[in-house]
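Report on the structure given below.
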Amino acid sequence: MRASERAYRTLRQEIIEGQLPPGSILGEVEQSARLGLSRTPLREAIGRLVSEGLAAPSSGRGTVVTEVSLDEADDLFDLRTVLEVLAARRAAVHADPKVFGQLAARFESAVEPLRRSEDPESYYRLTTELDAAVDAACANAYLAQHLRSLRVHLARLRRFSRNDPARLAASATEHASIARALADRNPELAAATTTLHLHHALAHLQSHQPTGTQTHQNHQTGPAEPAGSATDHPTSSLERTP
């Protein structure tokens, strides 16, 4: 793997998971030393993060991690609904019934453990598998690419909501219904189950925003400190909002 790709993936994951919080300075000297690479590949990596909206130039501070706010949820979910419903319809036409049938069974098996407040990490990995399967089955590389880009920003929003066992169990049931519809190659049902899931996911996020306020992950007042080593923090899968 190229050094710039490795740096990009590491920084991107740290931003998504909050290890590099909004306002963190992506200083070339500090980050290149921390990641063990020269400044040229680091610049390439930071340029990609800027193009994705995960970082932005800041006057007098260099490049910093962008803020994220629950106020963005409506706009992101407007786009998410259009793209995911279209992908579900397309995927249903080309779906491998065996692949999606197995995914549905695994989601169904996840419901009770989630309801008992067991660690949801395996469930989040399962949702990532479903995403990848839908991306492949929709047979539209442009659509899949836009979805992957959108999921990055959705993953950052999820940090505002707590892990609610009841919601996670309901979400697993909804994902099972989506996977069953895809296994049955039923485009209309796949679209309907996807729409229902997204409606519930957005409502769950909005329930964590106090009425009449703006909720941000704010950066510190003044220059932010460079992030510590990635090995100081456990990583987790954050690619989907429950």
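A few comments on the model shown:
- Qualifying residue in the stretch 143-153 (condition: touching a Ser or Thr at 6+ places or on another chain (Cβ under 8 Å) and open to solvent by 10 Å² or more (accessible area, probe 1.4 Å)): no
- The stretch 1-36: number of residues that are assigned to a loop (DSSP other than H, G, I, E, B), in contact with a helix residue (DSSP H, G or I) (Cβ under 6 Å, 6 or more places away or on another chain) and more than 14 Å from THR63 (Cα to Cα): 1
- Number of positions in the stretch 117-126 that are open to solvent by 20 Å² or more (accessible area, probe 1.4 Å) and modelled with pLDDT of 95 or more: 0
- Residue among ASP96, ASP78 that is within 23 Å of the chain's Cα centre (by Cα), surrounded by fewer than 17 Cβ atoms within 10 Å (Cβ to Cβ) and modelled with pLDDT of 95 or more: ASP78
- Residue in the stretch 59-74 that is among the small types (Gly, Ala, Ser) and in contact with a strand residue (DSSP E or B) (Cβ under 8 Å, 6 or more places away or on another chain) present: yes
- Any hit, the stretch 99-117, residues being of a type in the set (Lys, Arg) and assigned to a loop (DSSP other than H, G, I, E, B): yes
- Within this structure, GLU129 fails the test of being open to solvent by 50 Å² or more (accessible area, probe 1.4 Å) and outside any helix (DSSP H, G or I).
- Scan of the stretch 187-204 for residues that are over 16 Å from the mean Cα position of the chain (by Cα) and open to solvent by less than 60 Å² (accessible area, probe 1.4 Å), ordered by number: PRO187, ALA190, ALA191, ALA192, THR193, THR194, ALA203
- Residue count, the stretch 2-34 (criterion: within 23 Å of the chain's Cα centre (by Cα) and at negative phi): 21
- Boolean, ALA73 is touching a Leu at 6+ places or on another chain (Cβ under 8 Å), open to solvent by less than 20 Å² (accessible area, probe 1.4 Å) and modelled with pLDDT of 95 or more: no
- Flag for PRO41 being open to solvent by 40 Å² or more (accessible area, probe 1.4 Å) and either part of a helix (DSSP H, G or I) or under 17 Å from ARG159 (Cβ atoms) (or both): no
- Taking every residue in the stretch 24-46 that is among the basic types (Lys, Arg) and pairing it with any residue that is part of a helix (DSSP H, G or I) and open to solvent by 20 Å² or more (accessible area, probe 1.4 Å), at least 6 positions away or on another chain, the pairs with Cβ-Cβ distances below 7 Å are ARG39/GLU28; ARG43/GLU28.
- Boolean, SER161 is under 21 Å from the mean Cα position of the chain (by Cα), surrounded by fewer than 16 Cβ atoms within 10 Å (Cβ to Cβ), at pLDDT below 90 and of a type in the set (S, T, N, Q): no
The values are calculated or read from the model by the stated rules, or taken from the named source; none is laboratory data. Since the model is a prediction, treat every value here as computed from it, not as a measurement. Glycine also receives a Cβ, built like all others from the backbone with ideal geometry; neighbour counts cover every protein chain displayed. With ligands, DNA and RNA removed, areas are computed over all heavy atoms of the protein, side chains included. Shrake-Rupley method; radii C 1.70, N 1.55, O 1.52, S 1.80 Å.
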